[in-house]
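The values are calculated or read from the model by the stated rules, or taken from the named source; none is laboratory data. Predicted model, so just to flag it, every value in this text is computed and none were measured. We place every Cβ from the backbone using ideal geometry, glycine too, and count neighbours over all the protein chains shown.
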Amino acid sequence: MNKIIRVSLMVSLLTGCASKPQEEPALHHAWLELVAGKIEKNGGKVICANPLYQKCMNISEGACTVEISPASNYCASDSIKRYGTLSEENIEDYFVNYQSCMIFEHARLYDLDWMVPIRCMSEDANDHFDSRALQILFD
């Protein structure tokens, strides 16, 4: 549940930024394409940079990024299949699906139930949100 709150907060920030240029549809579309590309490129880094995720998976940031990155294309494609191209209407669902898929795929490498890292991260809600997430996403 805390993961959803964290993701919702991130998505709210992204949606707020993405929803401003209503007068310029081309710019708006370009912004959404940029966000989608950044999610696919850096989404794994966002997950792996979270110290709580590292703790729950007992893994370093670098090793995590190496392990999780191959799933990014698949998870982005899965999000597109489920929700279509990224839009204001589906950005939250798209992002939650993408992150869930990435965590699921990473947990599969260890034959873990994908809820193990989610539950672990939920145990310490105060450390759950990594404020660097947006910076990492747009690096």
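The table below gives the values:
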| read-out | value |
| --- | --- |
| Residue in the range 25-37 that is at pLDDT 90 or above and closer than 20 Å to Asp139 by Cβ present | no |
| Among the candidates Glu61, Glu105, Glu67, Glu92, residue that is under 13 Å from Ile47 (Cβ atoms), among the acidic types (Asp, Glu) and in contact (Cβ under 8 Å) with a residue 40 or more places away in the chain | Glu67 |
| Entirely in the range 48-113, the helices (runs of 4 or more DSSP H) that have 2 or more residues that are buried (at least 21 other Cβ atoms within 10 Å of the Cβ) and of a type in the set (Phe, Trp, Tyr) | 91-109 |
| Residue list for the range 75-100, filter: farther than 16 Å from Leu137 by Cβ and either in contact with a Cys (Cβ under 7 Å, 6 or more places away or on another chain) or among the hydrophobic types (A, V, I, L, M, F, W, C) (or both) | Asp78, Ile80 |
| Test for Asn58: is it closer than 17 Å to Leu137 by Cβ and of a type in the set (S, T, N, Q) | no |
